[in-house]
Amino acid sequence: MDQEKDVQDDHKMSNSGKSSGKRITACLISAAFFGALGSSFLYGYNLSVVNAPAGFIKAFYNKTWVERYREPIPAGTTTLLWSFTVSIFAIGGLLGTFSVSFIIKALGRKGTLLLNNTFAVAAALLLSLGKMSKSFEMLIIGRIIIGVNSGIALSALPMYLGEISPRHIRGFIGQFNSILICLGVFTGQVLGLPELLGQESRWIYLFSFLAFPAVLQLFVLPFLPESPRYLLMERRDEAGAERAFQRFLGKEDVSQELEEVHAEARAQDNLHAASVLQLLRSPAVRWQLITIVITMACYQLCGLNAIWYYTNGILKAAGFAENILPYITLTTGAIETLAAIVSGLVIERIGRKPLLIFGFSSMAVFFSLLTVFLNFQDSVSWMPYLSYICILAVIAAFCSGPGGIPFVLTGELFEQSYRPAAFMIAGTVNWLSNFAVGLLFPIIQEKLQTFAFLVFVVVCTLGSIFLCLFLPETKNKTFMDISQSFAKINKIPIPPSGQEMELVLSVKPDMNGKAPDAAKMESSF
């Protein structure tokens, strides 16, 4: 019976989608692209940009130390400073995540993205001028500030993209976050080539580049609308929400979309943004929260970050000269970007759940094969080539689903009032897991050697099983439909089937742009 109801619901939604038109507007694509360009693109760029100039930066640290203290820097101090420079990016990300819900509450989704550009510009200045000022402290401070930028971006951007998108393309628009992360990684690899900016005299320009996407977003995003859901449900701006829907959807009659948001407002217990503590205590979203925490932990703990540890060693073992390694490793960035684009194109046809399960399952298979190939790498001459193919396959599997869909799901599984707190928790899990991998993988690798990847096989397998058992498909569903799909497991009563449409038709805004029951709810707090 449940399956028949789902088929009927999907049929109704597809018919309603056809009647309202499914064209993608230039305004929507512009908001997705430029929103991601100044946000997730910078996150991806900062993941890879420090690799090419690593030697030059360490030399700069040594030179600065000698000029200050009249003695060479101890080898251990160089390693410590460099490790601190790289890892403090994650600490900044955590700080940004902690602050994002407060900024969003004050400035909205678009306003938060615009404010976030100031962190990117400030970081670009510090990182670029550190060498001229003979201050490695400026580089470290710049890295923590760009980390704050990334922490805010990875929460505010998916929230914005999820709220401006029609439900039939919400996954496609949400995948702009993942695509631009991968494009940022690839751009950092390309600009770091010796022929471009990967030289001793030019490496500071790798960091100056950070300001370019941020400034570009500052010029474009102010002319694009704010999230209509935010305007209607949190700002009570009915007229502004209507104009935003009209621009994003490219049509004059947006009454159906407005009514859907009003119905969601009626269904919520609290129209104000919930705190993290309220989210943790609410039984209505308990399994949504568990699902997001596990999915986001698997996103970081699945082993992709650790894969880079072996890439250069495998290529050297295959007989490639060290001076051409940067060019060969460009294939990793290219595969990432291509897989993310393909995922974005098929996500509305295949769905979130199948792509996630396929991605994690494929990673488990290829990590297993990589373990076998690494153990025979020294005895069989052609084995390193198979190992490198496995590395590319792991990267493609990750970007096919696990690389972007967790951020889409965080926006979809929670209603408006819980969404900022949910992104704060998801972001915290993301950055703490990132830090844990960086801290623990070298120890695991030292103990287990080539069998270290079996740890990630376990993580990916368990993640796939959990998602298969507990994650409902969210494709082409309203936020209310998604909440109701968790009602049984959360042990929350499901409203009668006719009640939702009754709510939609009965909710009309008053002259001040508020729904009548919404005003009553507000006065009771």
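Listed values, structure above:
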| item | result |
| --- | --- |
| Cα→Cβ-extended label distance, 7 Å offset, between A75 and E200, nm | 2.1 nm |
| Protection proxy ranking of 227-235, 155-163, 136-144, 446-454 - average other beta-carbon atoms within 10 Å, highest first | 155-163, 227-235, 136-144, 446-454 |
| Reciprocal of mean inverse Cα separation for the range 357-415 (Kirkwood radius, Å) | 12.7 Å |
| Difference of contour (0.36 nm per residue) and Cα-Cα distance, V215 to I341 | 42.9 nm |
| Label-point separation in nm, F358 to N490, each point 7 Å along Cα→Cβ | 2.9 nm |
| Average projected area [Cα convex hull, the range 71-213], square nanometres | 10.1 nm² |
| Per residue, the convex hull volume that the Cα atoms of the range 25-154 enclose (Å³) | 104 Å³ |
| Distance from the range 48-126 to the range 367-413 (C-alpha centre basis), Å | 29 Å |
| The range 181-265 - Debye-derived log10 I(q)/I(0), Cα point model, q = 0.13, 0.14, 0.16 Å⁻¹ | -0.62, -0.65, -0.71 |
| Inter-label distance for I328 and W82, nm, one decimal - labels placed 7 Å from Cα along Cα-to-Cβ | 2.1 nm |
| Cα-based convex hull, the range 323-422, per residue volume (Å³, whole number) | 127 Å³ |
| Which of H168, V215, L231, positive extreme of dipole for the chain (C-beta unit charges) | V215 |
| Expected 222 nm ellipticity per residue - DSSP helices of 4 or more, -39500 (n - 2.57), all of the chain, to 500 | -24500 deg cm²/dmol |
| Among the listed pairs K251/K475; K63/K134; K58/K447; K58/K134, those beyond 20 Å (Cα-Cα) | K251/K475; K58/K447 |
| Per residue accessible area in Å² of the chain, where ligands, DNA and RNA are left out and the probe is 1.4 Å | 43 Å² |
| Length-normalised contact order for the chain - Cα pairs under 8 Å, 6+ apart - percent | 22 percent |
| Prolate/oblate/rounded call for the range 381-495, Cα gyration tensor, a/c under 1.5 rounded | prolate |
| Computed lengthening from L469 to R235, 0.36 nm per intervening residue step minus Cα-Cα distance | 80.5 nm |
| Share of pairwise Cα separations in the range 406-460, more than 13 Å, in percent | 68 percent |
| Of [x] 19, 46, 32, 3; [y] 20, 49, 23, 7, 1; [z] 22, 53, 22, 3, the label for P(r) over Cα pairs in 20 Å bins from 0, in percent derived from the coordinates | [z] |
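The values are calculated or read from the model by the stated rules, or taken from the named source; none is laboratory data. Since the structure is predicted, the reported quantities are computational estimates derived from the model, not experimental observations. Here the Cβ is made from the backbone with ideal geometry for all residues, glycine too, and neighbour counts use every protein chain on show. Only protein heavy atoms, including side chains, enter the accessible area calculation; ligands, DNA and RNA are left aside. Shrake-Rupley method; radii C 1.70, N 1.55, O 1.52, S 1.80 Å.
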